[in-house]
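Read the structure below first, then the notes.
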Amino acid sequence: MQTNVSNGTASPKANGVTNGVHADHDHHPVNSNVGDKKPSEDIVRIIGQHLLTMGLTKSAEALMDESGCRMDHPTAAKFRTHVMHGEWSRAHKDLQELRNLLENPENLLEMQFLLLEQKYLELLEEGKVIDALSVLQYELTPLNHKTSRVHQLSAFIMCSTPEEVREQASWKGKESRINLMEQLQGFLPPSVMLPPRRLDALLQQAIGWQTDLCPYHNKKWNLEDVSLVVDHKCTKDMFPSCTVQVLNDHSDEVWFCRFSPDGTKLATGSKDNNLIIWDVHPTELKLNHRRTLEGFQYGISYLSWSPDSNFLICCGPEDTPELWVWNTNTGDLHIKIAPGPEDSLTSAAWHPDSKRFVTGGNRGQFYLCDLEGNVLDSWEGVRVQCLGYRGDGKTVLAADTHHRIRGYLFGTQNTDHNILKEEYAIMSFTVDSTDRLALLNVATQGVHLWDLEDRCLVRKFQGVTQGFYTIHSCFGGYNQDFIASGSEDNKVYIWHIKKERPIAVLQGHSRTVNCVTWNPVRPDMLVSVSDDGTIRLWGPSSGQQEQPAVVVPPPPSSRNGKSN
């Protein structure tokens, strides 16, 4: 094994230098904080480490010799060599020499434990059970550290083959010395030993910073995929800002749309009482009609997918007393819930287990139900405008008619607490994948971003026209770095989550855009639905043939039941 290239922290010889800094002829360290010597020496050490990682040992040695720098402290370099060669007694002795260089002396015990753990497992792998047992009894156990782990290690004595040892211990044998050394390096100051792959880490940070500044960055990147000689920049052509498909299957206003959590299906609900399920083409930027589900007599103004993408809840507008749950794989109606004719069930949210959900409306109904339609619990007098489940599976978020979002815990003793309050009505909200940020559409105000943990307003996004109609916005794009919302001015607005001004305004609809949804798996796919009766799929303009806007005559009926 070439220990000097495993993780790039070996220390080539250099005359008259210690601990990564120059030394004078009398071997007294020169002050590394004078002028710009320290940054320059750090750069040389980092470059030398990277050369070793590439296997360019002679180049690294030449760099160290010519610069007069030493990559690592002499004892640390010796320590690493002994660890990578499995010379455990010598490594233990080196560790004692390094103890005074540790920033936290308490870390010495953890480093000793890690060394002995590796030594023990390698002896077991080699079939030296007696020697391994001796390490366990006379070296690991006396440390009185991580007792539960010691008990777990003792069980591996019963393994009869090297393969069984590696499987039971979730361990890679001698190859894991590299990972061990990286763990040990984490306890040593960088002046003693550089962190592993430091240049890669710095480059990742630099490119991450550049992508954060790029308003249209919407894809995963790796260090190997980008150029280091020019700054990173995405163009608007790579962003979903072009209509690539217009669907006219609904015969009236389309009120809601939502991609399934697995990104393979789209559901749209309309005033025409129809729910349409669309398949997302696996390779092309395209939606294909899967099935139309009929029978809902109130119009479909809200949809909620189960986290496993198998079931879909359909809710109607204001005075709808029932809720439907469809099996989207079979196209069958799974259950219909209608607790009472005076109920209003206009919103719903799934528990993370896909087996329970909550539903409610602005007449004061608020129920916890199971997949068989049984009401498991209820909350009296909560006038629900919109619902959402927190990731903990315990807290339900409910926007109410008092312009608040409160947290509700169903249980033996139902409890609730305030989270945030707006000055105007909260028409809708959604929570991002981190379970921390909430996106609100607020009457007459527009789109607001809240931090649920700090309970503070983070940002007010500009541009959108929001009156008292229910408009739904969404998080989206790669890593959910973007916000999209419909608007009463017939446009789709897109913002970067860190910017208040829109980075794109999409035109094509001829009436109010009620809802937008971003595919959670394909960041280049955005869908909007409108009172003009159309569904528009937006994608990057690069390589796409833009379709003209389809103008649909306004339906004769008004938006009764859709506004508050």
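Largest first, the residues 481, 451, 392 sort by 1.4 Å accessible area into 392, 481, 451. The mean accessible area for residues of the chain, using a 1.4 Å probe and ignoring ligands and nucleic acids, is 46 Å² per residue. A probe of 1.4 angstrom, applied to the heavy atoms of all protein chains, finds residue 283 with accessible area near 110 square angstrom.
Here residue 206 and residue 283 are evaluated by their C-beta separation; at R0 = 30 Å the FRET efficiency comes out at 0.35.
In whole percent, and with a 1.4 Å probe on the protein chains, what portion of the accessible area of region 333-390 is carbon and sulfur? Answer for region 333-390 is 42 percent, counting heavy atoms of protein chains only. Does region 114-262 classify as rounded, prolate or oblate by the C-alpha gyration tensor (a ≥ b ≥ c root eigenvalues; a/c under 1.5 gives rounded; else a/b over b/c gives prolate, otherwise oblate)? Note, shape of region 114-262 comes out prolate. Only the Cβ atoms of Lys and Arg (+1) and of Asp and Glu (-1) were treated as charged; on that basis the dipole of region 215-267 about its Cα centre amounts to roughly 140 debye.
With a simple spin-label model that places each label point 7 Å from the Cα along the Cα-to-Cβ direction, the separation between residue 409 and residue 107 comes to 3.8 nm.
Ranked from largest, the principal axis spans of the Cα set of the chain equal 94, 54, 43 Å. Packing, as the average of other Cβ atoms within 10 Å across residues, places the peptides 309-321, 192-204 in the order 309-321, 192-204, highest first.
Over the chain, dividing the summed -39,500 (n - 2.57) contributions of all DSSP H runs of at least 4 residues by the number of residues returns a 222 nm mean residue ellipticity of -6500 deg cm²/dmol. With a 1.4 Å probe and every protein chain kept in, tell me what percent of the accessible surface of region 219-292 is carbon plus sulfur. Carbon and sulfur atoms account for 44 percent of the accessible area of region 219-292.
If the Kirkwood radius is taken over C-alpha pairs of region 96-166, then at 4 °C and 1.567 mPa s the Stokes-Einstein diffusion coefficient equals 101 µm²/s. Local charge sum around residue 177 (other residues, Cβ-Cβ under 15 Å, Lys/Arg +1, Asp/Glu -1)? For residues surrounding residue 177, the net value is -2. Using the Cβ-Cβ distance between residue 163 and residue 133 with R0 = 25 Å, the FRET efficiency computed as 1/(1 + (r/R0)^6) comes to roughly 0.80. When the surface is traced with a 1.4 Å probe over the full set of protein chains, residue 324 keeps roughly 20 Å² accessible.
Once all protein chains are placed together, residue 182 keeps about 40 Å² accessible to a 1.4 angstrom probe.
Taking only protein heavy atoms and a 1.4 Å probe, the accessible area of region 407-458 is 43% carbon and sulfur. Placing unit charges on the Cβ atoms of the charged side chains and taking the dipole of the chain about its Cα centre, the candidate lying farthest along the positive direction among 461, 39, 130 is 39.
When only Cα pairs below 8 angstrom with a gap of at least 6 residues are kept, region 171-273 shows a relative contact order of 15 percent.
The values are calculated or read from the model by the stated rules, or taken from the named source; none is laboratory data. What you see is a predicted model, and the numbers here were worked out from it, not measured in a lab. Every residue, glycine among them, receives a Cβ derived from its backbone with ideal geometry; neighbour counts consider all protein chains shown. Ligands, DNA and RNA are stripped out before the accessible areas are found, and what is left, the full protein with its side chains, is counted by its heavy atoms. Shrake-Rupley method; radii C 1.70, N 1.55, O 1.52, S 1.80 Å.
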